[in-house]
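Read the structure below first, then the notes.
The values are calculated or read from the model by the stated rules, or taken from the named source; none is laboratory data. Bear in mind the structure is a predicted one, so any value in this text is a computation, not a measurement. Quick reminder, even Gly has a Cβ in these numbers, built from the backbone with ideal geometry, and neighbours come from all protein chains shown. Surface accessibility is based on the protein's heavy atoms, side chains included, excluding ligands, DNA and RNA. Shrake-Rupley method; radii C 1.70, N 1.55, O 1.52, S 1.80 Å.
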Amino acid sequence: MVRLLTRDELRDILAFYQEAGVDDALVDEAPDRLLSAQALANARAPAIEARADSVARQTVVPNAPPPSSSVSSVPSSTIGPDEQRLYDAVPDRPMSVAAVPDEGQVMLARELAQKARTLDELREHLASFDGCNLKYTAKNLVFSDGNPEADLMLVGEAPGRDEDIEGLPFVGRSGRLLDQMLAAIGIDRQTAYIANVIPWRPPGNRTPTPQETEICRPFIERQIELAKPKVLVTLGGPSSKVLLKTTDGVLRMRGKWRTHVTSSGVSIPAMPTLHPAYLLRTPAHKKLAWRDLLEVKVKLASLREMIE
Ligand code: URA
């Protein structure tokens, strides 16, 4: 017999979800993750056969270009029927299942990113790219905000809940702090260009995996290359590490000029600084970010003077 949960039990479960970062319901009904192993195996068998078949076909035709859909329709890791139902319940999701990013998808991402000749094309390519699993749980692609022609470009890590809902970077609490930080050096978000390394919100705001970062990296690198900012600001450790190709921690590297080199070899001065979300938790460090932004202001002014 099914026992109904008491009000207190329900409250405890909700508190647990909240602490675990589950702040969004994708479907009304929770997927049954306790399906029998046999049911899961049966559900996966056709996909595994399809993959074996695809591998066999690719082996028979040497040098044949991989079919563009192969990446997402024949994934290296398949999902069960419950997860498929979950994806299908979200409007506008491609019907294909999501794959855990692998090297093939990273290569496809590089190819697509390089093909884009404008930022609009890049956004279109990213929107049509099915190779990153994060796309399937996000509501919106978060590509950019502000002025793509701006001298200053700022890059964060990944969108949060508010950004996912609005489809714009840095519009939540940390975005409001970022606006204040920019205002302190006489800049507003419409006179800067803002983006993230990862353009889809990781579920529950978890940290993106290294594979997810690798698959998104070609797109943000191309975005910087096409926007051609005079100065780049990397917000927080993850963005700084990815774009400045270092393993140094952000507290160590902040405040010192580094260089971001685009794939066509253009060097852009880059200032790593503290992420606004970190500053909300550690307000005593706001003064450090303030100093970094003053450096940015001076650099922008000197670059403008050189042009005039
Ligand atoms: N944190 C980020 O890194 N990016 C956003 O867009 C919002 C919060």
| note | Once LEU14 and ILE185 are pulled to full extension, the length gained, defined as 0.36 nm per residue separation minus their Cα-Cα distance, is 57.4 nm
| field | Point-charge dipole on Cβ atoms (K/R +1, D/E -1) for segment 103-303, about Cα centre, debye to 20 | value | 780
| query | DSSP loop trypsin sites (Lys or Arg not before Pro) in segment 136-213 with at most 15 other Cβ atoms within 10 Å of their Cβ, which ones? | reply | ARG206
| request: For an R0 of 25 angstrom, estimate the FRET efficiency from the Cβ-Cβ distance between LEU294 and ARG173 and round to the nearest 0.05. | output: 0.60
| note | Checking rank on 196-205, 287-296, with mean other Cβ inside 10 Å and highest first, the result is 196-205, 287-296
| query | Which Cα, out of GLY175, ILE165, LEU141, lies furthest along the positive dipole direction of segment 103-303 (beta carbon charges, K/R +1, D/E -1)? | reply | GLY175
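Rolling a 1.4 Å sphere over the protein heavy atoms, what is the accessible area per residue of segment 133-182, to the nearest Å²?
For segment 133-182, the solvent-accessible area averages 36 Å² per residue.
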| field | Relative intensity, log₁₀ I(q)/I(0), of segment 103-303 from a Debye sum that treats every alpha carbon as a point, q = 0.07, 0.15 Å⁻¹ | value | -0.18, -0.87
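Given R₀ = 25 Å, what would the calculated FRET efficiency be for THR259 paired with SER128, taking r from the Cβ atoms and rounding to 0.05?
0.20
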| remark: Treating only Lys and Arg (+1) and Asp and Glu (-1) as charged, each at its beta carbon, one finds that segment 123-182 has a dipole about its Cα centre, in Debye to the nearest 20, of 240
| field | Calculated FRET efficiency for the pair ARG206/ARG3, C-beta based, R₀ 30 Å, to 0.05 | value | 0.40
| task | With a/c under 1.5 counting as rounded, go ahead and sort segment 129-209 into rounded, prolate or oblate using the C-alpha gyration tensor (a ≥ b ≥ c being the square roots of the eigenvalues; past the cut-off, prolate if a/b is larger than b/c, else oblate). | result | prolate
| request: With a point put 7 Å past each Cα toward its Cβ, work out how far THR247 is from GLU166 in nm, to one decimal. | output: 3.7
| field | Within segment 273-308: backbone nitrogen closer than 20 Å to the SER267 label point (7 Å, Cα to C-beta) | value | 273, 295-307
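What pairs in LYS241/LYS287; LYS241/LYS299; LYS135/LYS287 have C-alpha atoms more than 25 Å from each other?
Table pairs above 25 Å Cα-Cα are LYS135/LYS287.
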| message | At 0.36 nm per residue, and after removing the present C-alpha to C-alpha distance, how many nm does the segment from GLU308 to ARG117 gain when stretched out fully? | response | 65.9 nm
